[in-house]
Each structure stands twice: as structure tokens, then as C-alpha cells.
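Inspection log for the structure reproduced underneath, given as C-alpha cells.
The values are calculated or read from the model by the stated rules, or taken from the named source; none is laboratory data. In this text the structure is predicted, and so the values were computed from the model without any measurement. Glycine gets a Cβ as well: all are built from the backbone with ideal geometry, and neighbour counts include every protein chain shown.
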Number of protein chains: 2
Amino acid sequence: MGDLPIVRIGVDLGGTKIFTVALKGTEVVAEAKSKTPVQGGPLAVVDAMAATVRALGVGSEAEAVGVGAPGVIDFRSGVVHSAPNLTGWVEPFRLGPALSEALGGTSVTVDNDVNVGTVAEHQMGAAVGSRDVLGVFVGTGVGGGLILNNRLRRGASGYAGEIGHVVVRPGGRRCGCGGRGHLEAYAGRAGMERRARQHEARGRDTLLVELSRTRRMTSSVFARALEARDPIAVALVDRAVETLGLALSMATTLMDIPMVVLGGGLADRLGPSFVARVEEAALALVPNGRADTLRVVPAALSDRGGAIGAALSARVRRPRSSAADGRARVTT
Amino acid sequence: MGDLPIVRIGVDLGGTKIFTVALKGTEVVAEAKSKTPVQGGPLAVVDAMAATVRALGVGSEAEAVGVGAPGVIDFRSGVVHSAPNLTGWVEPFRLGPALSEALGGTSVTVDNDVNVGTVAEHQMGAAVGSRDVLGVFVGTGVGGGLILNNRLRRGASGYAGEIGHVVVRPGGRRCGCGGRGHLEAYAGRAGMERRARQHEARGRDTLLVELSRTRRMTSSVFARALEARDPIAVALVDRAVETLGLALSMATTLMDIPMVVLGGGLADRLGPSFVARVEEAALALVPNGRADTLRVVPAALSDRGGAIGAALSARVRRPRSSAADGRARVTT
């Protein structure tokens with residue numbers, strides 16, 4: 001291959017969809033996708049991931065594969081410890097080694113989906129050129145990634161960036177994790193849906209429930225109810241804006257980070273006006289003088305960010321011996 | 001000097017006191033102190049600092065001087081931009097170069113007092129061995145410093161660690177900086193004093209005001225009123241514990257930092273039971289599983305931490321030419 005840019009593959013493993021890209025340097029040269037199997041557990045998911053990688057058609061050109069996965073990931077070993085959004089993933093599973101084996105020994109790196117999403121926005125998206133970046137992804141839940149001095153911060157236990165579980169209302173709404181008053185309970189789609197259904201149960205009708213009688217209360221449902229000025233939807237989104245603004249003001253003040261990228265399914269669907277409102281809410285709460293430098297911008301890579309970031313995060317393994325045993329030696 | 005450990009001098013410039021130490025390696029070999037001049041502005045302060053350095057008696061052995069100063073510091077240039085606690089410091093002042101000149105050309109490094117305090121606790125105090133440390137100093141105000149991966153984080157504008165100005169109560173108490181609901185308004189001595197005087201003005205007598213008729217409402221006054229179970233003092237300290245716990249839970253969750261050192265005049269005076277209460281409040285608010293690893297511990301170096309940290313932060317200048325012009329060439 002000589003001087004050619006290396007080819008890396010990125011796999012975004014989502015609760016409903018597996019999306020893969022092949023990256024030559026920083027150019028996306030192929031894409032593929034499939035549904036995430038809901039039966040057969042981790043092994044079925046690995047098979048589907050491997051098939052989606054093969055569908056890219058880059059074959060042996062690929063020097064490394066990166067995976068962005070939801071849940072608690074051990075970056076060093078490639079183990080997914082828990083992934084609440086994936087059906088049947090109860091026990092810790094060695095995803096990295098298993099996918100490597102399915103791909104004939106290619107090096108596989110596994111990281112958190114929001115970490116790789118932040119890496120993607122930093123290297124190829126809305127935050128190119130920023131030395132310090134906080135990436136916040138608002139979807140079913142709320143996740144975050146931290147780039148400090150151009151490096152991803154993992155933290156002492158691998159949890160750095162977990163902005164969804166900071167307390168924005170002491171004693172407030174119950175979060176999916178069991179905690180109280182966490183940002184995710186106010187700004188994540190699942191928390192907002194729970195709240196909407198509580199209102200409905202108490203006799204306060206809302207378009208949110210009406211529009212999701214036969215399907216999930218998706219980000220599009222929120223967008224439509226908001227456009228129709230449904231009072232419950234308006235109030236829920238107001239609260240999401242307010243709590244996101246508070247959390248972003250705290251995070252950026254504490255770490256002195258001038259750039260926040262706001263992405264994820266719900267933020268993407270509600271669009272730039274939502275991001276602008278969050279920016280305004282954050283700016284109103286940062287100390288004197290900081291408002292001039294802080295920016296909150298929409299993610300630029302949309303739902304391709306996860307796969308692109310996974311590819312960018314893939315570590316190319318230097319061959320030390322023949323990989324005859326087919327096991328990954330994940331570079332750390 | 002050959003193989004001997006280098007001698008560095010640290011100067012803690014406080015609102016009332018200048019405290020200096022000479023450090024040989026990590027051993028304190030001399031200490032000196034003087035009052036901070038309240039007349040004559042920055043030049044008088046520089047003279048007093050230089051005299052206190054000379055009083056150490058280490059003479060030309062010292063290879064570098066570090067200063068920890070309050071206010072907004074430009075670490076690279078040694079300029080103190082604003083120092084509200086120092087009388088007559090209105091304009092930005094080139095403290096580093098001026099002190100270097102007064103000391104005959106010795107290299108001088110100037111940094112924020114809480115940054116150097118955190119460095120001291122990390123290298124020689126309560127957080128030795130911790131890779132990631134949040135240092136929080138509760139005195140007149142509330143300041144913080146961040147060590148991430150064993151390095152001090154300054155942030156994009158030099159403000160990193162400014163935990164005193166994160167919002168813990170949206171729309172809450174007015175902070176000295178003009179903001180609302182900042183931690184400093186609830187947990188800093190000045191904010192607590194303002195609140196105590198408001199209560200008094202509204203007819204709610206408090207020992208805090210009683211004990212400070214003829215002197216300042218010092219940390220000792222708070223400690224004595226608390227011991228006497230003065231209801232206003234109890235309520236103010238409860239609120240300080242609660243808001244510190246909230247801010248620490250957010251900061252440590254976000255950055256995944258397992259070690260917080262809590263120091264400063266008020267925390268030192270209220271003692272380990274105060275720190276233990278703050279730890280308890282923080283642990284109650286961190287996500288599931290984190291409470292096992294997070295620790296909030298009292299600062300170990302007390303009021304010597306600032307000077308020790310300033311010495312540890314002093315950069316030894318490599319001579320590039322004769323320093324005949326007597327001007328500092330502050331190493332950056």
C-alpha cells in the first residue's frame with residue numbers, strides 16, 4: 001500500500017441500526033447499513049456487524065476497524081460491560097475480540113459511541129481546529145465526550161464526559177439510571193417520553209402521545225408536536241433547553257472549554273434553532289466575560305458521526321507475529 | 001551546585017499576608033512572612049515580597065521564584081490583570097517582571113493562588129499519587145484548580161477550575177462577581193457574611209454579627225458561631241455543604257475525577273467534620289457506583305500550601321544570555 005492513505009472502517013452499533021463507513025484518510029469511500037438483530041444476543045449482533053463491514057467491499061485493504069457502541073465499554077479490552085439499549089446483552093461481552101475473529105483477525109478497537117462521536121466532530125466536523133471540545137449528544141439518553149488539549153479524556157474509570165448524569169435539579173425527576181434530577185431525565189428522549197405519558201395519565205392530553213399511538217415517541221414526534229405548539233411538548237422542550245444550558249454553563253466554566261458541539265437524534269431533528277436556544281441558555285449562566293468566547297454549535301456529521309468517529313478511533317495494529325490464532329490484539 | 005537539589009522559592013501573595021518558603025527538592029528549608037501593604041499599590045507590594053524573599057536567607061542559591069497571586073493572572077507574561085482583594089490593584093500589573101527586577105534578575109513565575117495550591121496538594125499534600133485531582137479552596141471566595149493526567153489544566157483562557165462561579169441555584173443569590181446562584185455566593189466567606197448581615201438587618205440576630213462587631217467576620221467567627229449552634233450560622237453552613245456537594249458531584253462526574261482536596265481558610269477552620277459532610281453530600285449525588293471511588297479529603301498543607309505550590313510551580317530559567325538588563329525572561 002506504500003504511501004496510500006490507510007483505510008479504516010468504522011462501525012456505529014446502535015439500538016436499531018448498524019451503520020458502517022470506510023474511511024481513506026479522512027474521506028468516506030463507502031457506507032453500508034443493516035438492522036440491529038433483536039434476537040440471538042451478542043453473537044447475532046457480531047455476525048450482522050461483520051456482514052455490514054464486508055458489504056463495504058473494501059476487503060483486505062482495511063487495516064483496522066473501530067466500533068462505537070452504547071453502554072459501558074472497557075476501551076482497553078474491547079469488552080462491552082452493559083448495553084441497556086441492546087436486546088439480550090446482559091453479561092459483559094468481549095465484542096472487540098469476537099468481531100476481530102469474525103473478520104479474520106483484523107484489529108478491532110471498541111469505544112463508547114459518544115466518545116467516537118466527539119472525536120468525529122473534532123477531527124472532521126463542527127469543531128475542527130478547536131483544541132478543547134465538549135461533545136453532547138441528545139437522543140434516547142444524553143451522553144457526552146471530552147476533548148482536552150486535542151486528546152480524548154477517558155477519566156479515571158473511563159466515564160469522563162458523562163454529562164447526562166450530572167444533577168441539574170437536586171431531588172428532581174427520576175432518571176433511567178435510578179438517580180434524581182439528572183440532565184438525562186430532562187433532556188433525553190426517554191425521560192421526556194416518560195414525563196409526557198405521566199401528563200397523559202393525569203388527564204392532560206398531548207399530541208406527543210396521540211402521534212405515537214402506533215409507533216415509538218421518536219424525535220420526529222417531538223418535532224411535530226412542537227411545531228403544532230402542543231403545550232406539553234413546548235414545556236418539555238423548554239425544560240430540556242434550560243437544563244442543557246445549565247449543564248453546559250457548568251461544564252464549560254469548570255474546564256474553560258470554549259466549544260460545545262450539540263448533536264444526537266433529538267438535537268438533529270429539532271435543528272439549529274434548538275441548538276441556538278441551548279446556546280443562549282448557557283451564555284446567560286456563564287460568568288462575566290465568558291459569553292464572548294463560548295459557542296454551542298450543531299453537530300455537522302449527523303448520524304454518520306458515530307461511524308466516522310469509530311473509524312478515526314480505530315488503532316492500526318502493528319503485526320508482531322502471524323495472527324494465526326485469529327484473536328485480536330487490541331492496541332491500547 | 002552540581003547534584004544538589006535545586007532551591008526554589010515560593011511566595012503566597014494574600015490580601016492580608018505575604019508568606020514565603022524556600023524549598024530544597026521537596027523539603028521546606030526556610031519560611032518568612034510579612035503583612036501585605038495596603039498603601040502604595042503594586043510597587044509597595046513588590047518591595048514587601050522582595051524583602052520577604054530576602055528574609056529567607058537563601059540568597060543566590062535560589063534558582064527560581066514562583067508566586068501564587070489572587071485574581072486573574074496571565075501565566076505566560078506574569079501580568080496580574082485584576083486582583084480585587086489587593087488594595088490599589090486596578091490596572092493590569094506586570095508582577096513577574098517587576099519582582100524579578102527587584103530580585104536582581106531571578107526567574108519569576110506567577111500563577112493563580114488556587115492553581116499553585118492544587119499543585120502543592122498533588123505533589124506534596126493530600127493528593128500525592130492521584131493522577132486526577134480537583135482542588136477546591138473555600139475562603140473569602142471559592143476557587144479551584146484541576147490536575148488532569150498529572151498536569152495542571154489551565155484551559156483555553158486560563159480560567160480552568162473556576163468552580164466558584166458555576167451556577168448551583170439558577171436565579172439564586174447574587175455573587176460578588178455579579179452573577180446569580182454561583183457556588184461562591186453560598187460557600188464563600190464573603191457571600192455568607194453578606195447573607196448573615198441581611199438576616200441581621202431583617203431583625204434576625206445572629207452570633208456571627210455579634211462576634212464581629214469590632215473585627216472582620218473571619219472563619220474563626222463562623223466556627224465559633226457554629227459551635228454555639230447559632231441558627232443562622234448553622235443554616236449558612238448547611239447551605240455551603242449542600243452547594244459544595246452539588247458542585248463537586250457535577251465536576252467529578254463530568255471529568256471522572258476520583259479525588260477532591262478541599263482546603264482554604266474556611267474549610268481548614270471548620271475542620272475535617274466539615275469536609276466529611278461535603279463528601280457525604282457529594283456522594284449522595286454522584287451516579288450509581290461512583291460513590292465507591294470518589295473521595296473528598298481535607299487539604300494537608302493548610303496555609304503553607306500556596307507558598308509551597310508557588311515554589312513547585314517556579315520554572316527554572318536556562319540562561320541564554322547574561323541577564324544584564326535585569327529584566328525577567330519568564331519561561332513559559
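Residue by residue, here is whether (1) basic (Lys, Arg); (2) more than 14 Å from chain B (Cβ to nearest Cβ) holds:
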site: A:ASP205; (1), (2): no, yes
site: A:SER220; (1), (2): no, yes
site: A:ASP238; (1), (2): no, no
site: A:ARG269; (1), (2): yes, yes
site: A:PRO298; (1), (2): no, yes
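In this entry, A:VAL136 is excluded by the filter for residues that are modelled with pLDDT under 95 and assigned to a strand (DSSP E or B).
Flag: B:THR214 matches the condition of being away from chain A (no Cβ under 12 Å), outside any helix (DSSP H, G or I) and farther than 24 Å from A:THR253 by Cβ.
Among B:ALA126, B:ALA190, which is on the phi < 0 side of the Ramachandran plot and surrounded by 20 or more Cβ atoms within 10 Å (Cβ to Cβ)? Spell out how you get there, then give the answer.
On the way: B:ALA190 fails: surrounded by 20 or more Cβ atoms within 10 Å (Cβ to Cβ).
After ruling out the rest, the residue left standing is B:ALA126.
When you check B:PRO42 against the structure, is it modelled with pLDDT under 90 and not acidic (Asp, Glu), yes or no? Considered against the rule, which asks whether it is modelled with pLDDT under 90 and not acidic (Asp, Glu), B:PRO42 comes out as no.
Quick check on segment B:287-302: of everything there that is touching a Gly at 6+ places or on another chain (Cβ under 8 Å) and at pLDDT 95 or above, which residue is surrounded by the most Cβ atoms within 10 Å (Cβ to Cβ)? Give the derivation first.
First, pick out the residues of segment B:287-302 that are touching a Gly at 6+ places or on another chain (Cβ under 8 Å): B:287-288, B:298-302.
Subset that is at pLDDT 95 or above: B:298-301.
On the way: B:PRO298: 22, B:ALA299: 25, B:ALA300: 16, B:LEU301: 20.
Only one residue fits best here, namely B:ALA299.
Exactly one residue out of A:PRO42, A:PRO37 is assigned by TED's automatic domain parsing to the domain that holds A:PHE93, more than 25 Å from A:SER302 (Cβ to Cβ) and not in a strand (DSSP E or B): that is A:PRO42. Residues in segment A:256-267 that are buried (at least 23 other Cβ atoms within 10 Å of the Cβ) and out of contact with any strand residue (DSSP E or B) (no Cβ under 7 Å at 6 or more places or on another chain): 0 in all. Among the residues of segment A:11-30, those identified as surrounded by fewer than 15 Cβ atoms within 10 Å (Cβ to Cβ) and in a strand (DSSP E or B) are A:LYS17, A:GLU27.
Given B:GLY96, B:GLY117, B:GLY144, which one is among the small types (Gly, Ala, Ser), assigned to a helix (DSSP H, G or I) and over 23 Å from B:LEU43 (Cβ atoms)? Break it down into steps so the answer makes sense when it comes.
Details: B:GLY96 fails: over 23 Å from B:LEU43 (Cβ atoms); B:GLY144 fails: assigned to a helix (DSSP H, G or I).
Just a single option satisfies the conditions, and that option is B:GLY117.
Which one of these is outside the structural domain of A:ALA32 (by TED's automatic domain parsing), charged (D, E, K, R) and in contact (Cβ under 8 Å) with a residue 40 or more places away in the chain: A:GLU63, A:GLU121, A:GLU101? Walk me through how you get there before you give the answer.
Numbers: A:GLU63 fails: outside the structural domain of A:ALA32 (by TED's automatic domain parsing); A:GLU101 fails: outside the structural domain of A:ALA32 (by TED's automatic domain parsing).
The match here is A:GLU121.
Here is a yes/no grid of residues against (1) touching a residue at least 40 places away in the same chain (Cβ under 8 Å); (2) crowded, with 24+ Cβ neighbours inside 10 Å; (3) away from chain A (no Cβ under 14 Å); (4) under 21 Å from B:GLN123 (Cα atoms):
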{"site": "B:VAL241", "(1), (2), (3), (4)": "yes, no, no, no"}
{"site": "B:LEU244", "(1), (2), (3), (4)": "yes, yes, no, no"}
{"site": "B:VAL278", "(1), (2), (3), (4)": "no, yes, yes, no"}
{"site": "B:LEU285", "(1), (2), (3), (4)": "yes, yes, no, no"}
{"site": "B:ARG304", "(1), (2), (3), (4)": "yes, no, yes, yes"}
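Looking across segment B:199-226, the residues that are of a type outside the set (S, T, N, Q) and under 26 Å from B:ARG295 (Cα atoms) come down to B:PHE222, B:ALA223, B:LEU226. Of the residues making up segment B:144-176, just one is in contact with a His (Cβ under 6 Å, 6 or more places away or on another chain) and more than 9 Å from chain A (Cβ to nearest Cβ), namely B:ILE147.
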